[in-house]
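*Asks:* One structure, pasted below without further comment.
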Amino acid sequence: MSSKSIQHLEEAILASSEPIQQLRMLDQLSDRLIYTDNKKAKFAIYKMEQLLKQHKEHHIFLSYLLKAGVIHNQDYDYDLAFKKFKTAIEILEAQGDADEQIEAYIDYVGVCINLDKLDTARYYISKAERLLRDFPGTKLKARLLCREAGLLLKEGNYDKALSVFHKAQSRFDKSSALEIKDYYFQTVIQSGLGNIFEHNGDVKKSVKAYTNVVEICEEHNIRGRLSWHYLLAGLGYIALEEYETAKTYFEKSISTTDDSSVAAKAGAYANAGYCLFEQGDVKNAIEKYNTAEKIYAQQEKKDLPNLFYLQLWKAEAYRQLDKNQKRSDALLRAFEYAKASGSNKLLATMYHTIGAYYAEQNNFEMAYKYQLMHANHNDEYQQELKARKITEIQIKYDAERKEQESELLRLESKKLQLKALRAQMNPHFIHNALNSIQGYISSNEKENAAKYLAQFASLIRKSLYYSDIESLSLEDEVEFLKEYLSINKKLRYSDQMSYIVRVDEELEEDLICLPSMIVQPYVENALEHGIRTRSDGRLLVEFLYHTEDTIQCIVEDNGIGRKKAGEIQAIGGYHDQHKSMGTSITQKRLDVLKSSLNSPHLSVETIDLYDKSSGKSLGTRVELILPVVDFKLK
């Protein structure tokens, strides 16, 4: 939207006296300004919030939450951004579409990374990945890869982060009609690459990446974090000793008004002073240092490392101007900041500087004393660097191991699903069903033959299809079980059994997804080993709410019980091979899901039911705790 269009929209908002119309126009305005004018976007969001308190517009409220989350994140208010996204995601998971959910997850992950909530970030990355498998989108996948790389970078896995950032950029390169948000994510990629190259000591590549960020921001008018981006580019040029170019970037950082970061402004003033000092303009360098110090003082939490180096730079400037008292004062303040930080690196630098100071005064005893302290703290700092390097290697190793374990678990789960397919339908059931249908045909009962043949074909088709997918909605699972039990009742048990399949009212069976075909083996086991020999067999299958992430399933029969069934099996009364295959495979599937989903509460418990007075068997009850593996979208 052009500046004239934005101005026209702003004027229309001011002229309107209709709150709902104002809300809609504010929604449009904030949408246009969210990455280009943080101050105006923030004000529009504030006005929306005030109007929404009196006028409940559901769609606009959701839009407000999502945009408020992005804007507060851009404005460094991560806690508030976290709350806005959390509320929005709760609404979206109940009734949002796939793209909205994926986009919200991606934005939420960015906030979680900023807040060091890395486990939460990883969880929502996996949720977005699952949705993208069913609802693919090149640009959304590219954005998600940006977040994945950002998480790896935060964890110190630089090599893997580099690879994933490149994958994300490659996807953007293949996309057409990029939006402003896509260009914003490209700044995330280039900024991340700059960080990685800087960490690896490749200054030229680092500077190139940081200047790429600036170019993208300037070309597309993305101004939210621009002060930081100019600062990072300037620091790169200092490393290259190109002080004039660096100074240009620092001046741009200082003059940018959209970025509210106090730290970025203070850093720009301090480093502009450093450039002036290196160019011989010591007096103006001190003026910049003093301005930086005043800005740092505005921060709630003291930036001890930057304040430390700022005092050292001031001390060196005062040395050149022969202002010894001011130099001593600056060194004393630097020493206080170093001690307060507890950093071996800062203390080592400080003791080295004080040692050099005493050497200038020909006080070699004190110079020697401080150089010894410098050596001690420097040794400790070097040990810290080694430990950090070992930690980085460990992080890489752990990440690769987890990836391999995850892949092995996925393959194991798939293998078990294929085994479950082979063990799915008891051959006795299939044989009896086909024999019954053949009986209808022989008796010329064409309607019954056609009806049950169609039902049987449908059941077999669903069994094959459901066994080849990882998750199934509770609604489809229940429908399949009802169809399976209906055919058993009519074709195998000649109506000599009854059943109930019941779902807790708290469960939204059309939304909740379970591992596919995980209950059927236990139902079949109850039919085959519980009520097969009874003329009044009854079966209950019940799904109950357990926790947000799990469902309890109960399979209960009034059969002969496990003890009697065991006795019959022992004398060869009927085969138990199929039973052991079906339920043992399902148990293994649950064990795999326990590991892959990190959900220790999944379980299967079999309970023998007895009459308390007579001790007679009343049947068997199987209680399963099953994982909710996904949510199906309406």
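*Asks:* For the subset of region 2-45 comprising residues that are hydroxyl-bearing (Ser, Thr, Tyr) and outside any helix (DSSP H, G or I), which member is modelled with the lowest pLDDT?
*Replies:* Checked region 2-45; the qualifying residue modelled with the lowest pLDDT is Ser2.
*Asks:* Can you find even one residue in region 72-85 that is under 20 Å from Ile6 (Cβ atoms), out of contact with any strand residue (DSSP E or B) (no Cβ under 8 Å at 6 or more places or on another chain) and touching a residue at least 12 places away in the same chain (Cβ under 8 Å)?
*Replies:* yes
*Asks:* Restrict the check to region 146-155 and report whether at least one residue is over 23 Å from Val628 (Cα atoms), at pLDDT below 90 and among the acidic types (Asp, Glu).
*Replies:* Yes, because at least one residue in region 146-155 is over 23 Å from Val628 (Cα atoms), at pLDDT below 90 and among the acidic types (Asp, Glu).
*Asks:* Here's another thing I want to ask about it. For Leu66, which of the numbered conditions (1) assigned to a helix (DSSP H, G or I); (2) out of contact with any Asp or Glu (no Cβ under 8 Å at 6 or more places or on another chain) fails to hold?
*Replies:* So Leu66 meets the others, but not (2).
*Asks:* Sticking with this structure for a sec: What pairs come out if I take residues in region 604-632 that are farther than 30 Å from Cys513 by Cβ and charged (D, E, K, R) and pair them with residues that are surrounded by fewer than 16 Cβ atoms within 10 Å (Cβ to Cβ) and modelled with pLDDT under 90 whose C-beta lies under 9 Å away, six or more apart or interchain?
*Replies:* Listed pairs, sorted by first residue: Asp608/Lys563; Lys616/Tyr610.
*Asks:* I'd like the full set of residues that are within 46 Å of the chain's Cα centre (by Cα) and surrounded by fewer than 17 Cβ atoms within 10 Å (Cβ to Cβ), limited to region 312-338.
*Replies:* Answer for region 312-338, where residues must be within 46 Å of the chain's Cα centre (by Cα) and surrounded by fewer than 17 Cβ atoms within 10 Å (Cβ to Cβ): Leu332, Glu336.
*Asks:* Further, regarding this structure: Applying the selection to region 453-481, what residues are aliphatic (A, V, I, L, M) and either in a helix (DSSP H, G or I) or surrounded by fewer than 19 Cβ atoms within 10 Å (Cβ to Cβ) (or both)?
*Replies:* Selection gives Leu453, Ala454, Ala457, Leu459, Ile460, Leu464, Ile469, Leu474, Val478, Leu481.
*Asks:* Pairs please, first residue from region 376-397 and closer than 22 Å to Asn157 by Cβ, second anywhere and in a helix (DSSP H, G or I), Cβ atoms under 8 Å, 6+ apart in sequence or on different chains.
*Replies:* What qualifies is Glu384/Asn344; Glu384/Lys345; Glu392/Tyr158; Lys396/Asp159; Lys396/Lys160.
*Asks:* Would you mind finding the one in Leu472, Leu485, Leu491 that is in contact with a strand residue (DSSP E or B) (Cβ under 7 Å, 6 or more places away or on another chain) and under 30 Å from Leu618 (Cβ atoms)?
*Replies:* Leu485
*Asks:* Moving to a separate point now. Considering each residue of region 190-210, count those that are surrounded by 19 or more Cβ atoms within 10 Å (Cβ to Cβ) and not acidic (Asp, Glu), and give that number.
*Replies:* Going through region 190-210 one residue at a time, the tally reaches 12.
*Asks:* Okay, moving on. Among (1) under 28 Å from Gln190 (Cα atoms); (2) small (Gly, Ala, Ser); (3) over 36 Å from the mean Cα position of the chain (by Cα), which single condition is Gly280 missing?
*Replies:* (1)
*Asks:* A further question on this structure: Any residue at all in region 111-132 that is surrounded by fewer than 23 Cβ atoms within 10 Å (Cβ to Cβ), at pLDDT 95 or above and in contact with a Leu (Cβ under 8 Å, 6 or more places away or on another chain)?
*Replies:* There is at least one residue in region 111-132 that is surrounded by fewer than 23 Cβ atoms within 10 Å (Cβ to Cβ), at pLDDT 95 or above and in contact with a Leu (Cβ under 8 Å, 6 or more places away or on another chain).
*Asks:* Taking the stated definitions as given, is Lys294 crowded, with 23+ Cβ neighbours inside 10 Å, basic (Lys, Arg) and more than 25 Å from Lys205 (Cβ to Cβ)?
*Replies:* no
*Asks:* Separate question: Given the conditions (1) more than 20 Å from Arg32 (Cβ to Cβ); (2) at pLDDT 90 or above; (3) surrounded by 16 or more Cβ atoms within 10 Å (Cβ to Cβ); (4) of a type outside the set (A, V, I, L, M), and given that Lys67 satisfies all but one, which numbered condition is not satisfied?
*Replies:* So Lys67 meets the others, but not (1).
*Asks:* Taking Pro600 as meeting all but one of (1) in a helix (DSSP H, G or I); (2) modelled with pLDDT under 85; (3) not acidic (Asp, Glu), write down the number of the exception.
*Replies:* (1)
*Asks:* What pairs come out if I take residues in region 212-226 that are of a type in the set (Val, Ile, Thr) and pair them with residues that are assigned to a loop (DSSP other than H, G, I, E, B) whose C-beta lies under 6 Å away, six or more apart or interchain?
*Replies:* Ile222/Tyr35
*Asks:* In the list Glu300, Glu241, Glu293, Glu287, which residue meets the criterion of being among the acidic types (Asp, Glu), farther than 23 Å from Tyr210 by Cα and either touching a residue at least 60 places away in the same chain (Cβ under 8 Å) or not in a helix (DSSP H, G or I) (or both)?
*Replies:* Glu300
The values are calculated or read from the model by the stated rules, or taken from the named source; none is laboratory data. Since the structure is predicted, the reported quantities are computational estimates derived from the model, not experimental observations. For neighbour counting, all protein chains shown are included, and Cβ atoms are generated from backbone atoms with ideal geometry for every residue, glycine included.
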